[in-house]
Amino acid sequence: MILQTENLNYVYSEKTPFEKTAVKNVNIGIGENDFIGLIGHTGSGKSTLVQHLNGLLKPTSGKIYFEGKNIFDKDYDLNALRFKVGLVFQYPEYQLFDETVEKDIAFGPRNMGLSEEEISQRVEEAAHIVGLKPELLSKSPFDLSGGEKRRAAIAGVIAMRPRVLILDEPTAGLDPVGRNRILEMLKNYRQEHNTTVILVSHSMEDVAQVADKALVMNKGEVFMYDTVEKVFSHGEELEKIGLNVPYVTKIFAKLRANGVYVPTDVFTLDKAEKVLLKLLKREGKE
């Protein structure tokens, strides 16, 4: 396991009238090259949990391990950890600040103490990964479109080449084209660079499209943690805590209820199309 939590708890405003437990007794293991969709409704503890994974928040109690070492041991280098466990906050484009896109992407690598040659190489590589054209690098980040700003912000974290890439609602507020572009980029990036990716999302469709595993949070606790197929097969339980399985999955459940033999693990439109075409072809022959 590359990341583990052990009896992790976090309490906001402890010992005040505003005390609230945001994360409660979380025990999870995250493996090398996992692509995990972290799901939960607003207030479920998703964002609070991921801010513990690179030490931005210190737990009220419990432990966090990166590559088997407790990140809150006295002699542990948290700054070095944050280059290895990169976190992209929600609406990261609001954190763009430098004169040019190139300088913004270079900010992280430069803080790592790399040579200018290495920094330039990483900026070029990261821009290519997220699909930013070379001519955009010399522009002000504030001249980019919304989707381009989002990709530039993600590139700034990718340029540090983290072992773990965490993204908090990276498709929030984007149109369908921008949303799909981000998701496909993350899927390809993970496959090509063997990076562990944690995608925080309220969208079951997004998670179904790219993730292998789903971690469901509810009221600060782990509600489910398994493969996407197994988690999404518990549609009724998910609906009870305010979540919905992908709409296409509901349609296929109704088909099964009406006697049509279709599989239970259909979560994306691409798979639905393949299943239906195969079914229609078979029905035509019969």
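Each value in this text was obtained by applying a stated rule to the coordinates, not by laboratory testing. None of the values given here were measured: they were computed from a predicted structure. Heads up, the Cβs are rebuilt from the backbone with ideal geometry, glycines too, and the neighbour counts pull from every protein chain shown.
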Checklist entry - What is the pair-distance distribution P(r) of segment 62-116, computed from all Cα-Cα distances in 10 Å bins starting at 0, with each bin given as a whole percent? => result 18, 40, 29, 13, 0
Item to check | Reach of residue 250 by Cα under 13 Å, taken over aspartates and glutamates that are not fewer than 8 positions away in the same chain | outcome: 205, 236, 239, 265
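Could you give the Stokes-Einstein D for segment 150-238 in µm² per second, using the C-alpha Kirkwood radius, 25 °C, 0.890 mPa s?
Values: Rh = 14.0 Å.
Estimated via Stokes-Einstein, D reaches 175 µm²/s.
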Item to check | Mean projection area, nm², convex hull over Cα of the chain | outcome: 18.0
Checklist outcome for this item: Stokes-Einstein D for segment 128-286 (4 °C, 1.567 mPa s, Kirkwood Rh from Cα pairs), in µm²/s, comes to 73
Item to check | Values of log10 I(q)/I(0), in the order q = 0.19, 0.22, 0.32, 0.34 Å⁻¹, for segment 123-163 under a Debye, Cα-only, solvent-free model | outcome: -0.47, -0.62, -1.20, -1.30
Checklist entry - Please state the relative contact order of segment 133-286 as a whole percent: Cα pairs under 8 Å, 6+ residues apart? => result 14
Checklist entry - What residue among 157, 42, 228 has its Cα farthest toward the positive end of the dipole of segment 3-243, where the charges are +1 on Lys, Arg and -1 on Asp, Glu, each on the Cβ? => result 42
Item to check | Share of alpha-carbon pairs per 5 Å distance bin for segment 28-93, given as whole % | outcome: 3, 13, 26, 27, 20, 9, 3, 0
Item to check | Karplus 3J(HN,Hα) series, Hz, for segment 199-206 with 6.51 cos²θ - 1.76 cosθ + 1.60 (x for Gly, Pro) | outcome: 9, 8, 7, 9, 9, 5, 4, 4
Item to check | Sparse-neighbourhood loop sites, GluC sites (Glu not before Pro) in segment 1-81 - DSSP loop, at most 15 other Cβ within 10 angstrom | outcome: 14, 19, 32, 67
Item to check | segment 246-286 - charge dipole about Cα centre, Lys and Arg +1 at Cβ, Asp and Glu -1, debye rounded to 20 | outcome: 60
Item to check | Net charge contributed by nearby residues that have their C-beta within less than 9 Å of residue 203 (K/R +1, D/E -1) | outcome: -2
Item to check | Cβ-based net charge around residue 178, under 12 Å, with every Lys or Arg adding one and every Asp or Glu removing one | outcome: +1
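Give, to the nearest whole percent, the P(r) tail of segment 246-286 beyond 15 angstrom, counting all Cα pairs.
37
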Item to check | Nearest-20 debye value, the chain charge dipole, Cβ charges on Lys, Arg, Asp, Glu | outcome: 760
Checklist entry - For segment 210-221, what does the Karplus curve 6.51 cos²θ - 1.76 cosθ + 1.60, with θ = phi - 60°, yield as ³J(HN,Hα) per residue in whole Hz, taken in order and with x for Gly and Pro? => result 10, 8, 9, 10, 10, 10, 9, 9, 8, 6, x, 10
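Please compute the net charge surrounding residue 37, taking Lys and Arg as +1 and Asp and Glu as -1 over other residues with Cβ under 9 Å from its Cβ. Working shown, then result.
Values: positive: 213; negative: 206, 212.
Around residue 37, the surrounding residues sum to -1.
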Item to check | Set of lysines with alpha-carbon distance to residue 69 below 25 Å, sequence-local pairs under 8 removed | outcome: 24, 46, 58, 84, 213
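Counting helices only, and only those DSSP H runs with n ≥ 4, report the 222 nm mean residue ellipticity of the chain as the sum of -39,500 (n - 2.57) divided by its residues, in deg cm²/dmol to the nearest 500.
Working: 11 runs with 117 residues, N = 286.
So the calculated ellipticity at 222 nm is -12500 deg cm²/dmol.
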